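Below is one structure, written out as structure tokens; comments come after it.
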Amino acid sequence: MKDGCRVAADVSHEGRGLLPFAKEPRFLRVRPPPASALGDAVASLPLFRGLAPGALALLAAAPTRRFRRGEYLWTAGAEARGLLVVLSGRVRVVRAADGRQFGVHTEGAGGTLGEVPFFSGGRYPATAVAMEPTLCLILDRATLGRAIEADPELAVRWLGRLASRVRGLVERLEQETARSVEQRLAAFLLARDEASRGAPFALAATQAEAAEEIGTVREVLVRTLRRFRDRRLVATLARGRYRVSDRARLREVAESP
């Protein structure tokens with residue numbers, strides 16, 4: 001079986017938390033979407049947009065894999081089998097330590113996954129799970145190498161993505177070591193408020209996921225949100241949605257020394 005056609009086996013999340021595979025995942029050959037639709041999807045992604053036609057044709061010929069919501073793409077320690085590009089959906093990469101789970105990064109359409117073992121060798125250092133129905137393009141070394149030969153700009157773009165991810169991780173590390181949970185949550189709420197343009201917003205898919213984003217646990221997040229509500233900094237609406245009630249005071253919390 002060609003490496004480019006190897007993909008993680010179906011493993012259902014079933015609401016029980018992130019559990020390790022009992023054995024190395026199986027890998028299955030999958031049928032790609034219609035060539036024209038897949039080619040259009042690939043060409044529309046920022047990472048690939050405007051590349052030479054030959055490079056796009058090579059990328060669009062790679063196999064794809066669909067993942068259900070809650071399904072693992074792989075778990076930490078599993079053997080690496082390819083480089084994934086998210087065509088649609090959303091994937092969260094998490095790492096567990098000392099009984100806690102930390103969010104490493106989340107990728108939507110156009111995001112890439114699995115670079116660490118793909119480029120440097122070894123096994124996957126973290127677990128990847130689909131947060132909603134997700135379609136991924138699966139690249140092996142030969143395919144990516146030929147695409148870069150067809151258009152070297154692709155290598156420069158991929159390095160740019162990796163550099164941006166490292167920058168983001170460094171910034172998060174700085175925030176989590178130098179700022180309190182209240183400060184991090186206040187900044188998180190302000191960012192969500194800005195992204196929603198003042199409309200009600202959800203923290204994340206779950207409170208646990210939101211807690212991972214700011215480097216804490218769900219119980220601490222809930223207590224801190226309750227204090228913010230009591231201070232009338234935020235309001236809780238129906239169906240787990242929130243609205244910032246006092247942006248100026250919440251910004252003071254986020255920027256306090």
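A short reminder: the numbers here are calculations on the coordinates, not readings from a lab. These numbers come from a predicted model, not from an experiment. Please note: Cβ atoms are built from the backbone with ideal geometry, for glycine as well, and neighbour counts cover all protein chains shown.
List, in order, the whole-Hz ³J(HN,Hα) value for each residue of region 61-78 obtained from phi through the Karplus relation with A = 6.51, B = -1.76, C = 1.60 and θ = phi - 60°; use x for Gly and Pro.
My calculation for region 61-78 gives 7, 6, x, 10, 8, 9, 10, 6, 4, x, 8, 6, 7, 6, 10, 4, x, 6 Hz in order.
Please work out whether region 94-238 counts as rounded, prolate or oblate from its C-alpha gyration tensor, where a ≥ b ≥ c are the square roots of the eigenvalues and a/c under 1.5 means rounded, while otherwise a/b larger than b/c means prolate and anything else oblate?
The shape class here is prolate.
Classify region 179-255: rounded, prolate or oblate, from the alpha-carbon gyration tensor (a ≥ b ≥ c, eigenvalue square roots; a/c under 1.5 rounded; otherwise prolate if a/b is larger than b/c)?
Rounded, because the longest to shortest axis ratio a/c is under 1.5.
What order do you get for 247-255, 109-117, 76-84 when each peptide is scored by the mean count of other beta carbon atoms within 10 Å, highest first?
76-84, 109-117, 247-255
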